[in-house]
Amino acid sequence: MSEILVSFRDVTKSYDGRVPVVAALNLDVHRGEFLTLLGPSGSGKTTTLMMLAGFEDPSSGSIALEGTRIDTVPPHRRGIGVVFQNYALFPHMTVAQNLAFPLSIRRLPKAEIAARIARALEMVRLPAFGDRKPSQLSGGQQQRVALARALIFEPKLVLLDEPLGALDKQLREELQAEIRHIHARLGVTMVYVTHDQAEALTLSDRIAIFHEGRIQQIDTPEAVYERPANPFVAGFIGESNRLTVQVVDTTRLRLEDGSLLATLPHALPPGTAALVSIRPERVVIGAQGPGNAVVEEVVYLGDHCRLRLAHAGRADFIAKLPRQDAMAVPTPGTRITIGIPADAVTVFPAG
Amino acid sequence: MRRTNWLAALLIAPLLLLILGSFLVPVGLTLFRAVQDREVAQALPETSAILAAWDGQGLPPEAAFAAVARELGAALEARRIGDVAQRMNFARTGMRSTLLRTARAAERLRAPYAASLVALDARWGQAETWLLLRSAGGPVTSLYLLRAMDFTQTPDGGVVQAPTDERLYRTLFLRTFGISLLVTAICVLLAYPVAYTIARLRAPWSSIALTLVLIPFWSSVLVRTTAWFVLLQREGPVNGALLGMGLLEAPAQVIGTRIAVVLALVHVLLPFAILPMHSVMTRLDATYLRAAASLGANGMQRFLRVWLPLSLPGVLAGGAMVFLLAVGMYTAPALVGGDRDQMVAWFIANFLNRDVNWGMAAALSAYLLAMTGAIVALARILTGGMVGARG
Ligand SMILES: Nc1ncnc2c1ncn2[C@@H]1O[C@H](COP(=O)(O)OP(=O)(O)OP(=O)(O)O)[C@@H](O)[C@H]1O
Ligand SMILES: [Mg+2]
């Protein structure tokens, strides 16, 4: 699992020669993994993917596939499957002809091509659609065919650039499950671009968080969520309360209103300013009565309630209250006691 | 719903009437002239009536001779003799002089007319002359449509090849379509790389290049063709340059040849091939090419298997456009071509302007229209199949 398939070394890309769109990128893709590039719009995800596919050249640095540099190899000889956001199925060919395209280019025997097409259509659950033109398929069906086409020539690596971006939520979730299933079954390495964090968390073995052309953190979904490497990641993935604090000692911080917050041991020097991030769902809602927070607003969301609290000198402290809790939902204006477990506090140096 | 439909129809009615009145009706009336036959019936009504009742055996009765002498004389007075002479001479060469001579002599002729007419002109003694007159009685004739395909009708109604020295039009149509096909092929071959290049240019350059393509439209076909005439003539710059470089020993005679016609037509029609191709190609998504590359296709395979088929509707549209315009082209071949390079349009113009033979002009036009119509339909079916597939 940890064998390296692709490695980017100090890759920089600039379209205009001045502003780097991807800066000093070092990234290893492991064989067989599902790696997601996640980041806000314009953060360089597509550019990174296109450099790997060979449609863009790095301005500097090198990209290697299985230890061999591929920077100078043209796209059609890289043997990397690509799924595009707009499907890019050839409109003048039927589904079967689209699937046959990479195989006939590789001069596979006719019988083999027919067998593989049948298998591929089976895999994406469209066995009866071989004779249709792409225009006669729904968006979800087209994307399934595009996926099958990128996989049918058995590439080592498949790149997917927001393949589900144009689909509605329900279809996205359905196809996410299918992609995960196919990945597990074929064991093919997938690099997936999205700016949907839920999608990234669902699908990935590892997530690389991009921001302004740099990787902010690359780790398992759990790690990037639970242990964000910097304030950007903490703010980008999931929701979090961000507070500026003073460091008292290795396990205690002072909040703006003077109250103390316990943390796991950290290495910041006492007296310096720091930034903490606290996930709303880790906030423990205690009993009503005199306490350290006032309920400002309650939003009912079915499986949980979202409380906006005045706490530690701020009026926008968010807490989530799961509905299986026996406690009644507090009404706005009531005072409550909240607790913040030490392991729920992530501390970053300020600035 | 229904009310808005009515309103829409009402709003559009003036436009429909305009199109109907200014286009369909005149074209229809003109085309009708290809079969209309009224000159003889108008000028010689009584003769026509007698001949219509005649059984066609031997010579007609004396009454026909008398009527034709009298009515020809009257037609001469009324200055209508020219139309009849023209019409009959077209059916059989030589009839013009017979009719004119008879008309001028009409006053002097005396009964029995059967004898005096034959004495005046031996043709009146031939059954064929009378059969021709009878078949010209109208109201419709297949004469022009047959002749425009090099056929002629025998006096007894059979259809045979026209005499060798009058056969012309089948060759003419073949020549017209041959030149047009050649011009279309050259235009498509030249236009495709141009359209491709323009479609792949970046923002400001693509529109600049497109403007350059359109510049020829700022001047008229006449001006552009005249320019070719100037360029290609014996003392022109092209000959001068070729002589100067020593590539030619004597100035080449290009004007008046098929080459000049093809050259001028290609030049005039090239933009019409580029524009439809360009509009199809700019709408082609470049990710198709990327997808093809990611699937292993090299440059040639990407072009042949993806770009070319996807841009084919543009090629067909451009080709059909050039072909249709070339088939009807008059100015360019008339200016730079020789006698043997003229196309159907030139003959149509000639029949209208010089011979004043509306029947032949209309018959040639009708065939041209039918053939180009068939080609449009063919192009429609070909592109239609493709467009349908693209959805
Ligand atoms: N062909 C190009 N020419 C010039 N600039 C480009 C080009 N392609 C992308 N850029 C710029 O590079 C930056 C990164 O683009 P990229 O497409 O990699 O972002 P992304 O992370 O995929 O964003 P999104 O989520 O919106 O797709 C953007 O600022 C974009 O404007
Ligand atoms: Mg992108």
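The values are calculated or read from the model by the stated rules, or taken from the named source; none is laboratory data. Keep in mind it's a predicted model, so treat the numbers as computed, not measured. Positions of Cβ are generated from backbone atoms using ideal geometry, with glycine treated the same way; all protein chains shown enter the neighbour counts. Quick note on the areas: whole protein, heavy atoms, side chains included, nothing else; ligands and nucleic acids left out. Shrake-Rupley method; radii C 1.70, N 1.55, O 1.52, S 1.80 Å.
The figures follow:
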read-out	value
Tally of residues being part of a helix (DSSP H, G or I) and open to solvent by less than 50 Å² (accessible area, probe 1.4 Å) across the stretch B:32-59	7
Members of the stretch A:94-108 that are out of contact with any Lys or Arg (no Cβ under 8 Å at 6 or more places or on another chain) and more than 7 Å from chain B (Cβ to nearest Cβ)	A:Ala96, A:Gln97, A:Ala100, A:Ser104, A:Arg107
Some residue of the stretch B:275-284 being within 14 Å of another protein chain (Cβ to nearest Cβ) and open to solvent by 60 Å² or more (accessible area, probe 1.4 Å)	yes
Candidates B:Ala115, B:Ala111, filtered to the one that is farther than 23 Å from B:Asp341 by Cα, among the aliphatic types (A, V, I, L, M), open to solvent by 40 Å² or more (accessible area, probe 1.4 Å) and touching a residue at least 40 places away in the same chain (Cβ under 8 Å)	B:Ala111
Conditions (1) in contact (Cβ under 8 Å) with a residue 24 or more places away in the chain; (2) more than 30 Å from A:Phe153 (Cα to Cα); (3) assigned to a helix (DSSP H, G or I); number of the one not met by B:Ser311	(2)
Any strands (runs of 3 or more DSSP E) falling wholly within the stretch A:1-107 and containing at least 3 residues that are open to solvent by 10 Å² or more (accessible area, probe 1.4 Å) and within 16 Å of ligand 1 (Cβ to nearest atom)	A:4-14, A:20-30
Condition check for A:Glu212: within 16 Å of ligand 2 (Cβ to nearest atom), open to solvent by 40 Å² or more (accessible area, probe 1.4 Å) and over 23 Å from A:His30 (Cβ atoms)	yes
Identity of the residue in the stretch A:11-62, more than 16 Å from ligand 2 (Cβ to nearest atom) and among the β-branched types (Val, Ile, Thr), that ends up farthest from the other protein chains (Cβ to nearest Cβ)	A:Thr12
Lone qualifier among B:Val266, B:Val238, B:Val254 - being in a helix (DSSP H, G or I) and open to solvent by less than 40 Å² (accessible area, probe 1.4 Å)	B:Val266
Residues satisfying the stated conditions in the stretch A:331-351, i.e. over 27 Å from the mean Cα position of the chain (by Cα) and in a strand (DSSP E or B)	A:Arg335, A:Ile336, A:Thr337, A:Ile338, A:Gly339
Cross-chain or 6+ apart pairs with Cβ under 8 Å, the stretch A:1-26 first and more than 18 Å from A:Asp71 (Cα to Cα), then open to solvent by 60 Å² or more (accessible area, probe 1.4 Å) and among the charged types (D, E, K, R)	A:Met1/A:Arg31; A:Glu3/A:Arg31
Answer residue from the stretch A:162-180, given it is more than 14 Å from the chain's Cα centre (by Cα) and assigned to a loop (DSSP other than H, G, I, E, B) and is nearest to ligand 2 (Cβ to nearest atom) among those	A:Ala166
Close pairs from the stretch A:157-172: first within 12 Å of ligand 1 (Cβ to nearest atom), partner of a type in the set (A, V, I, L, M, F, W, C) and in a loop (DSSP other than H, G, I, E, B), Cβ under 7 Å, at least 6 apart	A:Asp161/A:Phe84
Qualifying residue in the stretch A:136-158 (condition: out of contact with any Phe, Trp or Tyr (no Cβ under 8 Å at 6 or more places or on another chain), within 14 Å of chain B (Cβ to nearest Cβ), within 16 Å of ligand 2 (Cβ to nearest atom) and not in a helix (DSSP H, G or I))	no
Selected residue (criterion: surrounded by the fewest Cβ atoms within 10 Å (Cβ to Cβ)) from residues of the stretch B:290-311 that are within 43 Å of the chain's Cα centre (by Cα) and more than 7 Å from chain A (Cβ to nearest Cβ)	B:Met300
Some residue of the stretch A:177-187 being within 22 Å of B:Ala297 (Cβ to Cβ) and either at pLDDT 95 or above or away from ligand 1 (no atom under 16 Å from the Cβ) (or both)	no
Test: residue in the stretch B:312-323 that is within 14 Å of chain A (Cβ to nearest Cβ), over 23 Å from B:Ala264 (Cα atoms) and open to solvent by 20 Å² or more (accessible area, probe 1.4 Å)	yes
In the stretch A:63-91, residue nearest to A:Phe8 (Cα to Cα) [restricted to those that are of a type in the set (A, V, I, L, M) and more than 7 Å from every other protein chain (Cβ to nearest Cβ)]	A:Ile63
Those residues of the stretch A:274-288 which are more than 27 Å from A:Gly351 (Cα to Cα) and open to solvent by 30 Å² or more (accessible area, probe 1.4 Å), in sequence order	A:Val284, A:Ala287, A:Gln288
Total residues in the stretch B:212-229, condition in contact (Cβ under 8 Å) with a residue 12 or more places away in the chain and either closer than 14 Å to B:Thr331 by Cα or not assigned by TED's automatic domain parsing to the domain that holds B:Val268 (or both)	7
Matching residues in the stretch B:117-158 - criterion: being of a type in the set (Asp, Glu), at pLDDT below 85 and in contact with a helix residue (DSSP H, G or I) (Cβ under 6 Å, 6 or more places away or on another chain)	none
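Every residue, every condition in (1) open to solvent by less than 70 Å² (accessible area, probe 1.4 Å); (2) under 20 Å from A:Arg227 (Cβ atoms), yes or no:
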{"residue": "A:Ser259", "(1), (2)": "yes, no"}
{"residue": "A:Pro265", "(1), (2)": "no, yes"}
{"residue": "A:Pro290", "(1), (2)": "no, no"}
{"residue": "A:Lys320", "(1), (2)": "yes, yes"}
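Each row is one residue, and each column tells you yes or no for (1) within 15 Å of ligand 1 (Cβ to nearest atom); (2) touching a residue at least 60 places away in the same chain (Cβ under 8 Å); (3) not in a helix (DSSP H, G or I).
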residue: A:Ala200; (1), (2), (3): yes, yes, no
residue: A:Ile209; (1), (2), (3): yes, yes, yes
residue: A:Gln217; (1), (2), (3): no, no, yes
residue: A:Tyr225; (1), (2), (3): no, no, no
residue: A:Ala229; (1), (2), (3): no, no, yes
residue: A:Phe232; (1), (2), (3): yes, no, no
residue: A:Gly238; (1), (2), (3): no, no, yes
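One line per residue, one yes/no per condition, for (1) buried (at least 18 other Cβ atoms within 10 Å of the Cβ); (2) away from ligand 2 (no atom under 16 Å from the Cβ); (3) over 15 Å from the mean Cα position of the chain (by Cα):
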{"residue": "A:Val188", "(1), (2), (3)": "yes, yes, yes"}
{"residue": "A:Asp205", "(1), (2), (3)": "no, yes, no"}
{"residue": "A:Gly235", "(1), (2), (3)": "no, yes, no"}
{"residue": "A:Val248", "(1), (2), (3)": "no, yes, yes"}
{"residue": "A:Arg252", "(1), (2), (3)": "no, yes, yes"}
